[in-house]
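Worksheet: the structure to be examined is printed underneath.
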Ligand code: UD1
């Protein structure tokens, strides 16, 4: 049985890796890694494959960047050819990027069964491209693997039959647990001359934060202000780097106590997060990782598709104007104990069991 695992962009690689390892070890199927090429810079892609112990992709579509329609369309055209030549029994798509939607559509049109890992997340904000990708992918997938009860509720509310849903937990936690020893050994903070808990980590890439000059300028100003209380480390996503340069904001950012650097590998990044005092982000995955680790997370967004990180984790949603006071408050709160059901490092095993059962093999 051939199972395609679609890997496209940085946040996908962490979700595919534990599942790849689990399926390869179980031996009842052949997992095939299909890299669409949505993320292609070595530090956005190759470094993640290396860290996560994945073989080079079995298929590489090489689609690269473009507008949403171009990127989605190119993935569909290229992936359809692959399916026609060597038809998989299942297509597993993860997360909410353009390639997730594109490959789900290809599968649905060719009557190949599609399974969506990290199904059911909703921000309620249709201006986010990811929200459109989630809604469409979930509505055409045959099998939906959810991380938490709110995701099940969202799918049921959208009219998706309960028989298609299996709650499996959060696979990002599997990646962390898989690499915990390497992460704890990496010592990134020490390498940067920083003391544990003596710094904050920043990541930003959402179009809603970085694509508008005024908004990005406000964020940069508040980060510079906040860095007077707590030095910050900021690995900059390519989209954000381009905008900072275009808007002439890079110098201002570097004027604060902010270490501006290239994107880090997974192990390097998590090593910094583990030792940090707090994290400022607009990423989805980082809200989950910090919640799992009990590290305060300040999310520069109006909504989140991951509400358990707010209700049961360490996450707070805020406006950039609140950043300076919220950094102070988060420094007071410190690290806390959290426990979220099924975020336990065993999600890949549950996904594999579900896939096997749904294939009629168990
Ligand atoms: C994409 C996902 C987003 C995810 C994010 C994580 C969509 C709609 N968005 O956003 O959900 O959270 O990845 O990183 O799928 N670029 C490079 N090198 C790369 C990759 C991108 O230079 O390796 C540049 C591209 O030229 C592009 C920009 O960064 O203009 C954005 O890349 P893109 O994949 O379109 O979207 P992201 O903002 O990364």
Order of 132, 258, 160 under a 10 Å beta carbon neighbour criterion, fewest first: 132, 160, 258
For a label point 7 Å from the Cα of residue 310 along Cα→C-beta, name the residues of segment 274-300 whose backbone N is under 20 Å from it. 279-300
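Using only the Cα atoms, what convex hull volume per residue in Å³ does the chain have? Don't skip to the answer; put the middle values down first.
Details: hull volume 44.5 nm³, N = 362.
In the chain, the Cα hull volume divided by residue count equals 123 Å³.
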In nm, to one decimal, how far is the residue 180 label point from the residue 2 one, both placed 7 Å along Cα→Cβ? 3.7
What is the list of residues in segment 219-239 whose amide nitrogen lies under 20 Å from a point 7 angstrom out from the Cα of residue 195, following Cα to Cβ? 226-234
Under the classification rounded if a/c is under 1.5, otherwise prolate if a/b is larger than b/c and oblate if not, where does segment 100-157 fall, given a ≥ b ≥ c as square roots of the Cα gyration tensor eigenvalues? oblate
Please label the shape of segment 2-130 as rounded, prolate or oblate, based on the square roots a ≥ b ≥ c of the eigenvalues of the alpha-carbon gyration tensor (a/c under 1.5 means rounded; beyond that, a/b larger than b/c means prolate, else oblate). rounded
So how far apart, in nm, are the two label points at residue 339 and residue 110 if each is 7 Å from Cα heading toward Cβ? 4.5
On Cα atoms only, tilt of 284-293 relative to the major axis of the chain in degrees: 70
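Order by neighbour count: 289, 195, 217, 118, fewest other Cβ atoms within 10 Å first, most last. Walk me through the numbers before you get to the answer.
Numbers: 289 25, 195 11, 217 16, 118 30.
Placing the least packed residue first, the sequence is 195, 217, 289, 118.
Using 0.36 nm times the number of residues separating residue 158 and residue 24, minus their current alpha carbon distance, what extension gain do you get? Each step should come with its number before you reach the end.
Values: separation 134, 0.36 × 134 = 48.24 nm, distance 3.39 nm.
Once the chain is fully extended between residue 158 and residue 24, it gains 44.9 nm.
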Estimated [θ] at 222 nm from DSSP helical runs (n ≥ 4, -39500 (n - 2.57)) normalised by residues in the chain, nearest 500: -14000 deg cm²/dmol
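Taking square-rooted eigenvalues a ≥ b ≥ c of the alpha carbon gyration tensor, is segment 157-293 rounded, prolate or oblate, where a/c under 1.5 means rounded and, failing that, a/b exceeding b/c means prolate? Numbers along the way, then the final one.
On the way: a/c = 2.42, a/b = 1.29, b/c = 1.87.
Taking the square roots of the gyration eigenvalues as a ≥ b ≥ c, segment 157-293 is oblate.
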With label points built 7 Å along Cα→Cβ from the Cα atoms of residue 126 and residue 332, find their separation and express it in nm. 4.1
Taking Cα atoms only, helix 347-358 is inclined relative to the longest principal axis of the chain by an angle, in degrees rounded to 10, of 20
Whole Å is fine, so just give me how far the alpha carbon centre of segment 201-271 lies from that of segment 71-96. 34
Working from Cα positions, state the angle (0 to 90°, nearest 10) between the long axis of helix 323-333 and the longest principal axis of the chain. 80
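Report D for segment 238-348 in µm² per second (integer): Stokes-Einstein, Kirkwood Rh on Cα pairs, 25 °C, 0.890 mPa s. Please report the intermediate quantities before stating the final value.
Numbers: Rh = 15.3 Å.
Estimated diffusion coefficient is 160 µm²/s.
A short reminder: the numbers here are calculations on the coordinates, not readings from a lab. As the structure is a prediction and not an experimental result, all values here were calculated from the model. Cβ coordinates were reconstructed from backbone atoms using ideal geometry, including for glycine residues, and neighbour counts include every protein chain displayed.
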